[in-house]
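Shown next, in structure tokens, is the structure this report addresses.
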Amino acid sequence: MRISHLLMLFFAFRVAAQTLDSKQITVGEGTNMALALSPDGETLAIDLQGTIYLLPAKGGMAKPLTDGMGDDRQPCWSPDGQRIAFQSYRGGTFHIWSVDKNGKDLTQHSSGPFDHREPFWAPDGKSILCSSDRNGNYDIWKIDLASGAATAITSNLDHDYTPSVSPDGRIVAFASSRTEGAGIYLVSDGVEKLLAPTGKGTPSTPAWSKDGRWISYQLLAGTQTTLMSVEVATGKIVPLSKADEDVFPFRAAWGANGSLFYTSDGKIKRHGLEDGGTEQVPFQVTLTVSTPVFQRKTYDFDGSSVKTVKGIRCPVVSPDGKQVAFIALGDIWLLTIGLPKPIKLTDDGYYETDLAWSPDGKQLLFSADRTGNMDLYALELGSRKITTLTQTPDDEYQGSWLADGKKIAFLKQGLRNTLATGTVLQIMDLATGAVKAVHKPMFQPGQPSWSPNGKYVLLAALDAYSSKYREGVSKFLLVNSESGQAVGMNTPFPNQTMAMRYRNGPIWSPDGTKLAYVKDALLWVIDVNADGQFTGQPRAITSELAEAPTWTGDSKSIIYVATDHLRKVTLADTSKQTIPLDLTWTNTKPQGTVVIHAGRLFDGKSSELKTNVDIIVEGSRIKAIQPHRASYPSSYKKVDASQLTVMPGLFETHSHLDAQYGEKTGRIWLSYGITAVREPGSDPYDAVEQREAWHSGKRPGPFHFLTGALTDGGRVYYNMATAIGSEAQLALELNRAKRLGYDLIKTYVRMPDEWQKKITEYAHQHGMTVSSHEIFPAARYGVDAVEHISATSRRGYSPKLSSKAHNYEDVVQIIAQSKMVITPTLALSGGFWNLITKDTSLFNTPQFRQIYPAYYRAAMIETAQQMGKQPTPMIANYVNARASTKKLLDAGAHITSGTDSPIMPYGASLHVEIWNYVESGFTPFQALQTATINAAKALAVDKDLGTLEVGKIANISIVEGNPLQDIHDTQRVKYVLVNGKVYALEELLKRP
């Protein structure tokens, strides 16, 4: 399908948007809001949830100046009081904008691919100062308003930010994280001075008093946030706020007679009254929130229809161009081009990934967990013999053959390294077995590709714009294979990023003259010389979505995944050929009848247990729940739970697939009683293949609800993120979501509001939900869910939770009144770490001891001991995060349980999340509902899942003890049923 046609469809769906059930709410508190006082002292400008407002300095109803679609924040008045400058994310990059005080004449003042933040209008009105990452770190810059020219004021290798200019215009104050001393600095005529050192604390937002004698600033030190002031002449430092205040990290505003406006505890406050006290400035802001109404995706869990395989992973074409090897349904397959029926090369329960042909076409290199962790293997196609190449406690994956067949390059990491921050490029000599590490550890790089001459290894790697904010672009990292030194970090498209850093290139052509890669969802090639230097201009050779390109041996063609099927493009004329593939699957469904004698039954609907009942399961569904009787037909399978509690299988609603965990991922989930997993971000083909393998019964695993890549803006961080660079690309990505059968779309932190709104409209037209880290304006145009009570934000601070882990009325009411589902991941916000510093018995369960590697368990215990000795602010603030979560519950928010595993261990962390809710004041019944019926409703599967009722699917967890009395009993699993199939815990603890 051509892009132009997709765009027509895309905009047609925009016209037929979902119905919104909208209402207005009025709030008198704001979370992490900033303010500025007009020069005449009469009017305050504030930002609240991404909109700039004006209100009288004495308080009152706030009037919006901006439309709420630009993430407009941190206002600053012009010296004449006629305009307000602010940072805005309009267009997907932070820039400095201004608007007049009547909300007219919206004007952009900075431009380009770099972020510009924290504006301050110079006293002469001719320039605006800000911080920017234009030089690879954050410095202070001055933007001339007449010409738009930007001039650097500072140039330190560390980060300088939040500038403020003295009333006479001579001195710039700024905060800095400099290694020689963090604090508030002054610069005048190029001479810098540290005025207020802050030690290990984090300073921000200096603001000059009107007479220029004092500078206020905010200090974050551990768990304390304080409004400070420093006397410019003497350096004398005076704290202004109370010890327990939740002071927000924004400029205070000096008024007459030394009074000071600032934001704290969700309020606007005025300090420095005649009696030395502080008063609140009351305000009200009216917001529109919406609940979307649309036809949700439906599921045929009982259907036995034959389905075409969509999860085609790691396709690689043979050197002669006649065959394609790939992974699907849990095995390696070989397809002869022209013969649609592939041949199965493996047939086992292991997890296999990352295929690569040997140069002679006789072997396939792959990674698999045949011994429990991911090692490298070679499969001889003639004999089907499998040879072990590596066998270490770590994981080796994404291997690539050298052209002469004598060496392989691959990546290595361990399970302890859950974010792959220490992934190491390795080279093995196949003759000797010797392995050497090359290049320094990297963050989630792509698959290595050799230069044909063997001098270089090329791979995709992240190049962050700065260390202050983690996002950047994926570039081509060229590494000398002998020295291990980086030769270059280049890209043919400056300040743009390529596709997900999995299997999307850059890949060297066998003749060494070209590189292939995916960008903007299209397949591109560029000419290079033998040293990998660009010798031509990049050119797109597809107009359809492309993924996982692989060269034929003659360098004349590339085979790739075209959304949901295989295609071949010939470089000479860019002609395309579909490669037929006939591979199907069906849902697995048990036969026969199971009777469970439940001593105690928690059905998920009532907080009262039923006792001594039988649950009759026929096939995959519950046929009856009835008083216990002594005998049943001998053909029935019996499960004696007479001393146990039978409860609904649990939902984990926020987890990400990590291929390095291999087949044990599914066993972990089930062994912890988790029978359904929602995955808001993954390589789409890995995720779909995993779902098809689990649902077809190839490997044991839960019901799987998924999305593909994190749909992000122009900067990315994770290798599973895709950067949207145009509406044409967005149309291709949304078409992929529909064709691959996504359950949801997750937009990530650099996605601008205007595109998130379009995504939401399209997703709802196709029955999918949308989730993100954002709450507003997302809640205005119908985004369905929000991940995390805090978590990563493009702003450097959360719009949902303060530095002290408090939320306020705006956050609580937006989430509750819009009916937006929230997955707090409270365990991630300190709950998990708080628990293990006090009690490591979590790591002594049969599941943890027998499924997880011993070194991983030892590492977790070591981490717990270290964190116990040096508690982090996150752990210290956990009590506040608990209170913030309870506020959401009390307001009627729809809460589901999720963890962001494997940042924390799969399985175990979900139980901690549930326990954390009880610590927060939930009843055990309420906490259990977050992982059962609440999650089922959020996924629109509550007619089939989430409670134990006649007619529903038998997803069941059977545990020792009684979780309604002791919530910790949730992890004491003895049996689990998924889709009616019974597993005893002992079965799940065994490897294939």
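The values are calculated or read from the model by the stated rules, or taken from the named source; none is laboratory data. Everything numeric here is computed off the predicted structure, so don't read it as measured data. Quick reminder, even Gly has a Cβ in these numbers, built from the backbone with ideal geometry, and neighbours come from all protein chains shown. What goes into the accessible areas is simple: the full protein's heavy atoms, side chains included, and nothing from ligands, DNA or RNA. Shrake-Rupley method; radii C 1.70, N 1.55, O 1.52, S 1.80 Å.
Scanning the range 363-393 for residues that are out of contact with any helix residue (DSSP H, G or I) (no Cβ under 9 Å at 6 or more places or on another chain), closer than 25 Å to ILE507 by Cβ and not polar (S, T, N, Q) yields a total of 12. Taking the numbered list (1) under 17 Å from ILE52 (Cβ atoms); (2) part of a strand (DSSP E or B) in turn, SER290 passes all entries but (1). Within the range 268-325, the residues that satisfy the criterion of being of a type in the set (Lys, Arg) and open to solvent by less than 30 Å² (accessible area, probe 1.4 Å) are LYS269, ARG313.
Say whether the condition of being of a type in the set (Lys, Arg), touching a Gly at 6+ places or on another chain (Cβ under 8 Å) and open to solvent by less than 20 Å² (accessible area, probe 1.4 Å) is met by at least one residue in the range 728-738.
yes
Quick one: which of ALA927, ALA893, ALA908 is of a type in the set (Gly, Ala, Ser), under 26 Å from ILE622 (Cβ atoms) and touching a helix residue (DSSP H, G or I) at 6+ places or on another chain (Cβ under 8 Å)? Working first, answer last.
Working: ALA893 fails: under 26 Å from ILE622 (Cβ atoms); ALA908 fails: under 26 Å from ILE622 (Cβ atoms).
On inspection, the qualifying residue turns out to be ALA927.
Looking only at residues of the range 95-130 that are open to solvent by 30 Å² or more (accessible area, probe 1.4 Å) and hydrophobic (A, V, I, L, M, F, W, C), we find that the one that is nearest to ARG750 (Cα to Cα) is PHE114. For the structure I just gave you, tell me whether ALA548 is part of a loop (DSSP other than H, G, I, E, B) and either under 28 Å from ARG739 (Cα atoms) or open to solvent by 10 Å² or more (accessible area, probe 1.4 Å) (or both). No, not satisfied. Go through the range 328-345 residue by residue and tally those that are open to solvent by 10 Å² or more (accessible area, probe 1.4 Å) and outside any strand (DSSP E or B). Summing the residues that are open to solvent by 10 Å² or more (accessible area, probe 1.4 Å) and outside any strand (DSSP E or B) in the range 328-345 gives 8. Assessment of the range 149-157 against the conditions (under 24 Å from GLN218 (Cβ atoms) and either part of a strand (DSSP E or B) or of a type in the set (S, T, N, Q) (or both)) yields at least one matching residue.
Do we have SER901 as touching a residue at least 60 places away in the same chain (Cβ under 8 Å), in contact with a strand residue (DSSP E or B) (Cβ under 6 Å, 6 or more places away or on another chain), at negative phi and open to solvent by less than 10 Å² (accessible area, probe 1.4 Å) here? It would help to see each step written out before you state the result.
Numbers: touching a residue at least 60 places away in the same chain (Cβ under 8 Å): yes; in contact with a strand residue (DSSP E or B) (Cβ under 6 Å, 6 or more places away or on another chain): yes; at negative phi: yes; open to solvent by less than 10 Å² (accessible area, probe 1.4 Å): yes.
So SER901 passes the test.
Of all residues in the range 197-229, those satisfying the criterion of being within 15 Å of ILE171 (Cα to Cα), touching a Gly at 6+ places or on another chain (Cβ under 9 Å) and either part of a strand (DSSP E or B) or not charged (D, E, K, R) (or both) are SER209, TRP214.
Okay, residues lined up against (1) assigned to a helix (DSSP H, G or I); (2) among the basic types (Lys, Arg); (3) under 19 Å from ASN373 (Cα atoms); (4) open to solvent by less than 30 Å² (accessible area, probe 1.4 Å):
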{"position": "PHE848", "(1), (2), (3), (4)": "yes, no, yes, yes"}
{"position": "TYR855", "(1), (2), (3), (4)": "yes, no, yes, no"}
{"position": "ASN880", "(1), (2), (3), (4)": "yes, no, no, no"}
{"position": "ALA883", "(1), (2), (3), (4)": "yes, no, no, no"}
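Taking the numbered list (1) out of contact with any helix residue (DSSP H, G or I) (no Cβ under 8 Å at 6 or more places or on another chain); (2) at pLDDT 95 or above; (3) crowded, with 16+ Cβ neighbours inside 10 Å in turn, LYS589 passes all entries but (2). Remark: pairs (first residue in the range 494-516, more than 23 Å from ILE327 (Cβ to Cβ) and open to solvent by less than 10 Å² (accessible area, probe 1.4 Å); second residue assigned to a loop (DSSP other than H, G, I, E, B) and of a type in the set (S, T, N, Q); Cβ separation under 6 Å; 6+ apart in sequence or on different chains) = SER509/SER555.
Please state which one of VAL473, VAL487 is out of contact with any Phe, Trp or Tyr (no Cβ under 7 Å at 6 or more places or on another chain), surrounded by fewer than 23 Cβ atoms within 10 Å (Cβ to Cβ) and assigned to a strand (DSSP E or B). Spell out the reasoning first.
Details: VAL487 fails: out of contact with any Phe, Trp or Tyr (no Cβ under 7 Å at 6 or more places or on another chain).
Just one listed residue meets the conditions, VAL473.
Condition first: at pLDDT 95 or above, open to solvent by 30 Å² or more (accessible area, probe 1.4 Å) and farther than 26 Å from ARG857 by Cα. Can you find one or more residues in the range 366-377 that meet it? Looking for residues that are at pLDDT 95 or above, open to solvent by 30 Å² or more (accessible area, probe 1.4 Å) and farther than 26 Å from ARG857 by Cα, one finds none in the range 366-377, hence no.
Go over the candidates ASP133, ASP71 one by one and state the one that is touching a helix residue (DSSP H, G or I) at 6+ places or on another chain (Cβ under 7 Å) and open to solvent by less than 30 Å² (accessible area, probe 1.4 Å). Spell out how you get there, then give the answer.
Values: ASP133 fails: touching a helix residue (DSSP H, G or I) at 6+ places or on another chain (Cβ under 7 Å).
Only one candidate passes the filter, namely ASP71.
Would you pick out the residues in the range 521-539 that are open to solvent by 40 Å² or more (accessible area, probe 1.4 Å) and within 29 Å of the chain's Cα centre (by Cα)? Once the filter is applied, which keeps residues that are open to solvent by 40 Å² or more (accessible area, probe 1.4 Å) and within 29 Å of the chain's Cα centre (by Cα), the range 521-539 yields only TRP524.
Residue pairs whose Cβ atoms lie under 7 Å apart, separated by 6 or more positions or on different chains, with the first residue in the range 467-490 and more than 17 Å from ALA721 (Cα to Cα) and in the same structural domain as GLN447 (by the TED database) and the second aromatic (Phe, Trp, Tyr) and part of a strand (DSSP E or B), are LEU478/TYR456; VAL479/TYR456; ASN480/TYR456; SER481/TYR456; VAL487/TYR456; ASN490/PHE476. With the condition kept exactly as written, say whether any residue in the range 619-634 is over 24 Å from GLY907 (Cα atoms), in contact with a Leu (Cβ under 9 Å, 6 or more places away or on another chain), in a strand (DSSP E or B) and touching a residue at least 24 places away in the same chain (Cβ under 8 Å). There is at least one residue in the range 619-634 that is over 24 Å from GLY907 (Cα atoms), in contact with a Leu (Cβ under 9 Å, 6 or more places away or on another chain), in a strand (DSSP E or B) and touching a residue at least 24 places away in the same chain (Cβ under 8 Å).
What number of residues within the range 935-948 satisfy the criterion of being farther than 13 Å from VAL677 by Cα and either open to solvent by 30 Å² or more (accessible area, probe 1.4 Å) or among the hydrophobic types (A, V, I, L, M, F, W, C) (or both)?
Residues of the range 935-948 farther than 13 Å from VAL677 by Cα: 937, 940, 942-944, 947-948.
Filter once more, so that each one left must be either open to solvent by 30 Å² or more (accessible area, probe 1.4 Å) or among the hydrophobic types (A, V, I, L, M, F, W, C) (or both): 937, 940, 942-943, 948.
Of the residues in that region, 5 qualify.
Is at least one residue of the range 416-430 assigned to a loop (DSSP other than H, G, I, E, B) and at pLDDT 95 or above?
If we filter the range 416-430 for residues that are assigned to a loop (DSSP other than H, G, I, E, B), which is where we start, we get 416-422, 430.
Still in the running and at pLDDT 95 or above: 430.
Checking the range 416-430: at least one residue is assigned to a loop (DSSP other than H, G, I, E, B) and at pLDDT 95 or above.
Cβ-Cβ contacts under 7 Å between residues 6 or more apart (or on different chains), taken from a first residue in the range 704-720 that is in the same structural domain as THR93 (by the TED database) to a second residue that is open to solvent by less than 10 Å² (accessible area, probe 1.4 Å), are absent. Summed over the range 178-196, the residues that are surrounded by 12 or more Cβ atoms within 10 Å (Cβ to Cβ) and part of a loop (DSSP other than H, G, I, E, B) give a count of 3. The one condition from (1) closer than 28 Å to LYS990 by Cβ; (2) in a loop (DSSP other than H, G, I, E, B); (3) basic (Lys, Arg) that LYS412 does not meet is (2).
Of the residues examined, SER358 is one that is more than 22 Å from VAL688 (Cβ to Cβ), open to solvent by less than 10 Å² (accessible area, probe 1.4 Å) and not aromatic (Phe, Trp, Tyr).
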